[in-house]
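Please read the structure below before turning to the comments.
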Amino acid sequence: MLIEQIAEIRRNHPDNLMARYFDAAYFKSLSAADQERLSRMILTGIRNPDSIMGAYALYPDDYERFQPYLDLMIRDYHNIQGDLQQRTDWDCGDEVDLTRIDASLADCSMRVRVGRNLNNFPLPGAMSKTDRVSLENQMVKAFAKLIENPAFGGHYSSLTPGAAQQISQQEYQQLVADHKMFKDMSDDPYLSVARISADWPYGRGMYESADGQFIVWVGEEDHLRIMAMKRGALLNEIFVRLNESLGMLERQGLNFARSATYGYVTSCPTNLGTGMRASLHLALPKMTQNGRDLAALKALVKNLGLSVRGVGGEHTSAGAGGLVDISPRARLQVTEAEICQQLYAGVKALWEKEQQALS
């Protein structure tokens with residue numbers, strides 16, 4: 001039945017990578033336990049045939065265990081051919097200063113985030129409620145060390161009923177409205193089928209530093225979404241802040257799951273490699289018809305290796321004056337430093353095209 005379902009999805013939804021690369025002979029060669037495990041991994045792509053990837057890993061070793069199948073999907077999505085081995089390099093070189101592009105870019109909203117998972121837990125799609133709360137408790141201890149550190153300070157806000165740090169529903173909604181906290185994932189059909197959103201709101205929460213420029217989400221699509229943000233022109237500053245903060249967390253005994261081939265392990269194969277999304281807000285009124293139309297801009301930035309979103313996130317419109325969110329698309333087979341340089345180069349190219357359109 002499963003094999004027939006996937007064959008039908010392949011016919012009707014050719015962009016679904018889970019179905020495109022599913023090999024019935026490979027599936028039948030697996031043990032019964034591995035067949036059951038792989039079936040759970042790809043259930044979201046079966047129940048949601050319009051998926052692009054159509055699979056979520058359940059355990060840190062899934063990418064090695066099911067590599068003959070997953071590698072084909074990963075290479076297709078990330079457009080990778082030949083040897084694949086993820087490298088890490090945070091050295092962005094000389095100051096990456098946006099004012100070199102234009103003095104008016106001295107106060108951009110910049111954000112860099114990475115997804116991380118801990119080796120000692122299943123990934124979110126396979127976690128029990130007990131696992132989720134245990135992971136949060138481990139993170140609360142790590143955050144306590146950050147709170148004691150003058151360079152961080154801040155506080156932790158938990159959504160777990162009965163937790164010592166639990167906040168009210170009103171406080172939670174305010175954090176969401178302020179674009180600091182992630183939304184309730186229960187209504188997301190992809191995450192719900194994958195059980196990533198299960199047991200809401202247990203094991204969910206957010207750490208925020210005293211200056212509000214460093215945030216860690218606990219219990220979203222990955223165990224941790226770790227981000228640095230700042231207004232300014234020096235892109236390299238937030239990369240340095242994030243790298244130093246990751247090191248601080250690791251010194252609290254956190255062991256991030258990593259693959260020698262694919263880099264940092266994430267629930268969704270689309271985020272493998274650096275697990276990074278680096279973005280900034282850029283006003284492009286002419287190219288977005290003053291924020292009314294993103295279609296032409298989306299087609300253009302794809303050729304530049306970028307993605308564009310509205311300022312409210314994915315599936316939102318541009319802000320006042322054509323303000324949009326720009327980020328490099330590459331995550332895998334690219335270093336953190338290269339992402340920083342790609343963002344700078346992308347902003348430079350778009351800014352020049354905007355000025356040409358204005359003239």
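Grab the eigenvalues of the alpha-carbon gyration tensor for the range 1-158, scale each by 5, take roots, and send me the semi-axes largest first in whole angstrom.
37, 25, 15
Between the alpha-carbon centers of the range 233-250 and the range 166-205, tell me the distance in whole angstrom.
Result: 26 Å between the Cα centres.
About its Cα centre, what dipole magnitude does the range 2-78 give when the only charges are +1 on Lys and Arg Cβ and -1 on Asp and Glu Cβ, stated in debye to the nearest 20?
140
Please identify the longest segment of the chain free of exposed GluC sites (Glu not before Pro), where exposed means a DSSP state other than H, G, I, E or B and no more than 15 other Cβ atoms within 10 Å.
Longest run free of exposed loop sites: 96-313.
How about the range 1-101: which chymotrypsin sites (Phe, Trp or Tyr not before Pro) there are in a DSSP loop, with at most 15 other Cβ atoms within 10 Å of their Cβ?
none
Which of T288, T99 has the fewest other C-beta atoms within 10 Å, and how do the rest follow up to the most?
T99, T288
For S259, S168, S128, what's the fewest-to-most ordering of other Cβ within 10 Å of each Cβ?
Fewest-to-most ranking of S259, S168, S128: S168, S128, S259.
Can you compute the charge dipole magnitude of the chain about its Cα centre, using +1 on each Lys and Arg Cβ and -1 on each Asp and Glu Cβ, nothing else charged? Give it in debye, rounded to the nearest 20.
340
Given G322, Q355, L254, which one lies farthest toward the positive end of the charge dipole of the chain, if we put +1 on the Cβ of every Lys and Arg and -1 on the Cβ of every Asp and Glu?
Ranked along the dipole, the leading option is G322.
So between I147 and E244, what do we pick up on full extension, going 0.36 nm a residue minus the alpha carbon distance?
33.4 nm
Got a sec? How would L72, L294, L235 order by Cβ neighbour count within 10 Å, fewest to most?
Ranked by crowding around the Cβ, least crowded first: L72, L294, L235.
Can you return the lysines within cross-link range of K230? Criterion is Cα-Cα under 24 Å, with same-chain partners fewer than 8 residues away left out.
Once the sequence-local lysines are set aside, what remains near K230 is K145, K180, K183, K348.
Grab the Cα-Cα distance for A32 and A164, subtract it from 0.36 nm times how many residues apart they are, and report the gain in nm with one decimal.
Gain on stretching A32 to A164: 43.3 nm.
Would you mind checking which residues have amide H under 5 Å from G203's amide H? H placed 1.01 Å from N; only 5 or more apart, or other chain.
The answer is T160.
On average over all directions, what projected area in square nanometres does the range 2-78 have, based on the convex hull of its Cα atoms?
Mean orientational projected area (the range 2-78, Cα hull): 4.6 nm².
Under the 0.36 nm per residue contour assumption, what length would be gained going from the current alpha-carbon distance of H155 and R231 to full extension?
Length gained between H155 and R231: 25.2 nm.
Treating only the Cβ of Lys, Arg, Asp and Glu as charged (+1, +1, -1, -1), what charge dipole size does the range 209-305 show about its Cα centre? Round to the nearest 20 debye.
Using only the charged Cβ atoms, the result is roughly 380 debye.
Read the figures in this text as sums done on the coordinates, not as results from a lab. Just so it is clear, the model here is predicted, and its values are computed rather than measured. Note: ideal-geometry Cβ built from the backbone for every residue, glycine included; neighbour counts use all protein chains shown.
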